[in-house]
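The values are calculated or read from the model by the stated rules, or taken from the named source; none is laboratory data. This structure is a prediction, so every number in the text was calculated from the model and none was measured. Please note: Cβ atoms are built from the backbone with ideal geometry, for glycine as well, and neighbour counts cover all protein chains shown.
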Amino acid sequence: MTMLAILSVVSLLGWLALVIAGYRSYNLPRAKMFRQIAIWVTVFALIALVFKGLGL
């Protein structure tokens, strides 16, 4: 694994922590919070698959 790949993984984990902290600040029920996070993860995964399919 290259240094750039490690840096990318660490930064993505940092952003994930910020997103979870943001959701927790709204005092949402956990089920609703996890459902919204799952929806966003799905959206980003679909966009990534489209980009990968286009070769970008």
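Structural remarks
- Failed item in (1) of a type in the set (A, V, I, L, M, F, W, C); (2) surrounded by 10 or more Cβ atoms within 10 Å (Cβ to Cβ); (3) at pLDDT below 85; (4) part of a helix (DSSP H, G or I), with Ala5 passing the rest: (2)
- Any hit, region 36-53, residues being in a loop (DSSP other than H, G, I, E, B), modelled with pLDDT under 85, hydrophobic (A, V, I, L, M, F, W, C) and in contact with a helix residue (DSSP H, G or I) (Cβ under 9 Å, 6 or more places away or on another chain): no
- The residue pairs whose first member lies in region 7-19 and is within 24 Å of Arg30 (Cα to Cα), whose second member is surrounded by fewer than 10 Cβ atoms within 10 Å (Cβ to Cβ), and whose beta carbons are closer than 9 Å, counting only pairs six or more residues apart or on different chains, do not exist in this structure.
- Take the conditions (1) free of Cβ contacts under 8 Å to residues at least 12 places away in the same chain; (2) assigned to a helix (DSSP H, G or I); Leu28 misses just one of them, which is (2).
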